[in-house]
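See structure below.
The values are calculated or read from the model by the stated rules, or taken from the named source; none is laboratory data. Just so we're clear, the structure is a prediction, and the values are computed from it rather than from any experiment. Ideal geometry is used to build each Cβ from the backbone, glycine not excepted, and the neighbour counts take in all protein chains shown.
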Protein chains: 2
Amino acid sequence: MDAPAKTVQMNLLFDLYGQLLTDRQREIFILYYHDDLSLGEIAENIQISRQGVYDTLQRVEQALLDLERSLGLLAKDQRRNQTLRTLEGLLREMREHVEHTQVRDEVLLRCLKEAMDAVEELMTE
Amino acid sequence: MDAPAKTVQMNLLFDLYGQLLTDRQREIFILYYHDDLSLGEIAENIQISRQGVYDTLQRVEQALLDLERSLGLLAKDQRRNQTLRTLEGLLREMREHVEHTQVRDEVLLRCLKEAMDAVEELMTE
């Protein structure tokens with residue numbers, strides 16, 4: 001995996017499992033992955049050795065990968081989002097179809113609006 | 001919380017987080033919560049003391065509650081299922097509406113069927 005892809009994956013895993021890390025692990029992860037500091041800068045910042053920072057990051061990355069292997073929340077979220085996008089597409093198709101028939105059907109338009117709001121809620125939670 | 005409610009909650013949490021327990025913890029949980037054995041029966045079954053079984057169950061229950069406090073997957077699932085049921089109700093309402101108009105609209109009926117399949121998939125995953 002190239003570096004940007006790894007960063008994206010680590011950030012996604014951190015969003016899902018970060019609460020299971022220690023405060024110190026979270027702090028170092030955020031300084032490295034969110035604030036984009038170098039190992040040396042982090043070491044200086046929190047007063048531990050550069051090697052200590054490196055080891056912590058290695059352990060955190062492994063812990064996040066192990067959690068995903070056990071719980072699979074990222075894979076599940078990605079499957080779910082795919083299905084939600086399919087659902088959104090179907091609702092849009094129905095809405096366009098209803099809007100382009102000569103008689104606007106207000107019951108269908110109301111239901112479609114509420115259904116789209118529900119899909120939106122599921123996508124953003 | 002009464003005993004049946006606690007059992008339901010523990011089983012739901014176990015489904016979500018069981019993979020983070022040790023093999024031995026999972027084994028004892030299943031004997032107690034799924035197979036409904038008594039502490040004494042479990043102790044005899046796996047050759048540890050009754051107190052050992054009791055302590056393990058206490059630790060497992062606490063671990064499951066702590067995981068839910070950190071990740072909140074059960075609460076999230078319950079909110080999501082509520083929204084999915086709302087969505088299902090809206091799709092049914094639309095289908096009945098379309099089926100009771102004089103001209104059956106095949107585009108809408110096809111989209112509604114596919115959308116219901118997608119909701120079904122999201123509910124059972």
- Task: Could you please give the count of residues in region B:5-34 that are buried (at least 18 other Cβ atoms within 10 Å of the Cβ) and outside any helix (DSSP H, G or I)?
- Result: 1
- Note on the structure: Of (1) closer than 22 Å to B:Leu67 by Cα; (2) not in a helix (DSSP H, G or I), A:Leu37 satisfies every one except (1)
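With the structure loaded, tell me whether B:Leu91 is within 14 Å of another protein chain (Cβ to nearest Cβ), over 21 Å from A:Val98 (Cα atoms) and buried (at least 17 other Cβ atoms within 10 Å of the Cβ) or whether it fails that test. Can you show your working first?
Numbers: within 14 Å of another protein chain (Cβ to nearest Cβ): yes; over 21 Å from A:Val98 (Cα atoms): no; buried (at least 17 other Cβ atoms within 10 Å of the Cβ): yes.
Taking the combined requirement at face value, the residue does not satisfy it.
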- In region A:69-82, which residues are surrounded by fewer than 18 Cβ atoms within 10 Å (Cβ to Cβ) and either in contact (Cβ under 8 Å) with a residue 60 or more places away in the chain or in a helix (DSSP H, G or I) (or both)? A:Arg69, A:Ser70, A:Leu74, A:Ala75, A:Lys76, A:Asp77, A:Gln78, A:Arg79, A:Arg80, A:Asn81, A:Gln82
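For region B:97-108, what are the residues that are at the interface with chain A (Cβ under 10 Å from one of its Cβ atoms) and in a helix (DSSP H, G or I)? Give the derivation first.
Step one: of region B:97-108, the residues at the interface with chain A (Cβ under 10 Å from one of its Cβ atoms) are B:97-98, B:101, B:103, B:105, B:107-108.
Within region B:97-108, B:His97, B:Val98, B:Val107, B:Leu108 qualify.
Kindly provide the set of residues from region B:89-120 that are among the aliphatic types (A, V, I, L, M) and at pLDDT below 90, ordered by number.
First, pick out the residues of region B:89-120 that are among the aliphatic types (A, V, I, L, M): B:90-91, B:94, B:98, B:103, B:107-109, B:112, B:115-116, B:118-119.
Listed by number, the list holds a single entry, B:Val103.
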- Any residue in region A:98-118 that is among the β-branched types (Val, Ile, Thr) and either in contact (Cβ under 8 Å) with a residue 60 or more places away in the chain or surrounded by fewer than 13 Cβ atoms within 10 Å (Cβ to Cβ) (or both)? yes
- Within region A:62-81, work out how many residues are within 15 Å of the chain's Cα centre (by Cα) and more than 10 Å from chain B (Cβ to nearest Cβ). 8
